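Scroll down for the structure; my scribbles are underneath it.
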Amino acid sequence: MAVRGGDFLFVSGLTAIDLQSGAAMRGTTASETRQILTNLKELLGKAGSSLDKVVKVNVLLHSMLEAPNMNEVYQRFFPDPPPARTVCGARLPDGVKVIIECTVLA
Amino acid sequence: MTQRLPRSAIEPNNPRLNASRSAKLPHVPGIRVGDYIFLSGMVPIDPQTGERSHGPIADQVRTTLSNMRHMLESAGSSLDRVVRVHVVLADISDMAEMDRVYREFFPVDPPARTVWSMQLRFGNGCEIECVALAD
């Protein structure tokens, strides 16, 4: 789910899954955001990095009307200053409500 | 081998262009790390008022790229050091008009670019982000 290139880790677009079983965890925009960022924290930890080294985040939402619900959860995960970020509404596959990808310092 | 690179937030010299702070959003305008600057998606903001500046798509693109130039120059970089651009349009049929204005800002050796269309918030017609060399 992440590739290292030089000083950076490039993390694939993550959807809400149970990291143990790999099963999809569909829910609300808020619950999917929480699950994704919880998994991201664990993935980065295993790669020797962490959320406070995230440089740039792209968030894709199934509806931009859900942006405040995503932000409410999102802001609890990142330190101050948080990373650079872009948020867009998009047609997402398989009923997914949130996809988050990022670039991180290794 | 683990290298620790400093990671620091970028701020525009014109505080009215710090849109994420104005809207209390959980992201910064940009991050500098090592030799690179990563900017958040920028939308058309009037640098005089800090308000959204809507109108013909050509005007929106010109305002956004002008603000991007300001953001990069505030961090000691410039448009001619941009390596990667993402342009998101609310309406993909604005592609030709966007491109016409875009070329004014990147007249020679333009950076890598991808353009697509998505839902944007607040009636914005475009949102543009980039990665640039820091200096």
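In a reduced charge model with +1 at each Lys and Arg Cβ and -1 at each Asp and Glu Cβ, chain B shows a dipole moment near 480 debye about its Cα centre. FRET efficiency for residue B:13 and residue B:91, Cβ-Cβ distance as r, R0 = 35 Å, nearest 0.05? According to the calculation, E is roughly 0.65.
When the charge dipole of region B:45-135 is built from unit charges on Cβ atoms (+1 for Lys and Arg, -1 for Asp and Glu) and taken about the Cα centre, the candidate among B:66, B:78, B:134 whose Cα reaches farthest toward its positive end is B:134. Taking the longest Cα principal axis of chain B as reference, the axis of helix B:95-105 is set at about 50 degrees. Region B:1-42 and region A:68-102 have their alpha-carbon centroids 17 Å apart. Solvent exposure of the protein assembly as shown amounts to 47 Å² per residue of accessible area, where only protein heavy atoms count and the probe is 1.4 Å. In percent, rounded to a whole number, the relative contact order of region B:19-126 is 25, using alpha-carbon pairs under 8 Å and six or more apart.
Leaving out ligands, DNA and RNA, what percent of the accessible area of chain B is carbon and sulfur, probe 1.4 Å? Walk me through the numbers on the way to the answer.
Values: 3260 of 6710 Å².
It is 49 percent, rounded to a whole number.
What quantity of accessible surface, computed with a 1.4 Å probe and excluding non-protein components, is buried in total between chains A and B, in Å² to the nearest 100? Roughly 2400 Å² of accessible surface disappears when A and B pair.
Counting Cβ atoms of other protein chains within 10 Å of each residue's Cβ and taking the mean over peptide B:18-31 gives 5. Think of each Lys and Arg Cβ as +1 and each Asp and Glu Cβ as -1; about the Cα centre, that makes the dipole of the protein assembly as shown roughly 540 debye.
Once you order the gyration tensor axes a ≥ b ≥ c over the Cα atoms, which shape class does region B:27-72 get: rounded for a/c under 1.5, otherwise prolate or oblate by comparing a/b with b/c? List each step's numbers first, then the result.
Working: a/c = 2.72, a/b = 2.15, b/c = 1.26.
Prolate is the answer for region B:27-72, as a/c is 1.5 or above and a/b outweighs b/c.
Helical runs (DSSP H, four residues minimum) scored at -39500 (n - 2.57) apiece and divided by the length of chain B put the mean residue ellipticity at 222 nm at -7500 deg cm²/dmol. So what is the 222 nm mean residue ellipticity for chain A from helices alone, if each DSSP H run of at least 4 adds -39500 (n - 2.57) and you divide by all residues, rounding to the nearest 500 deg cm²/dmol? Value at 222 nm, helices only: -8000 deg cm²/dmol. Note on chain B: with a GNM built from Cα contacts shorter than 10 Å, the maximum mean-square fluctuation among B:69, B:84, B:113 falls on B:113.
Taking R0 as 35 Å, what's the FRET efficiency between residue B:54 and residue A:42 from their Cβ-Cβ distance, rounded to 0.05? With R0 = 35 Å, the Cβ-Cβ based efficiency is 0.25. Annotation: amide H-H contacts under 5 Å for residue A:9 (H modelled 1.01 Å from N, sequence separation of 5 or more, or interchain): A:104, A:105, A:106. With a Förster radius of 30 Å applied to the C-beta separation of residue A:75 and residue B:108, the computed FRET efficiency comes to 0.15.
How many percent of DSSP beta bridges within the protein assembly as shown run antiparallel, rounded to 5? Taking every DSSP beta bridge with both residues in the protein assembly as shown, the antiparallel ones total about 75 percent.
Proximity of backbone amide H atoms, modeled 1.01 Å from N, is registered between residue B:10 and B:30, B:31, B:32 at under 5 Å, excluding neighbours fewer than 5 places apart on the same chain.
The values are calculated or read from the model by the stated rules, or taken from the named source; none is laboratory data. What you see is a predicted model, and the numbers here were worked out from it, not measured in a lab. Using ideal geometry, Cβ is built from the backbone for each residue, glycine included, and neighbour counts are taken over all protein chains shown. SASA here: full protein model, heavy atoms, side chains in, ligands and nucleic acids out. Shrake-Rupley method; radii C 1.70, N 1.55, O 1.52, S 1.80 Å.
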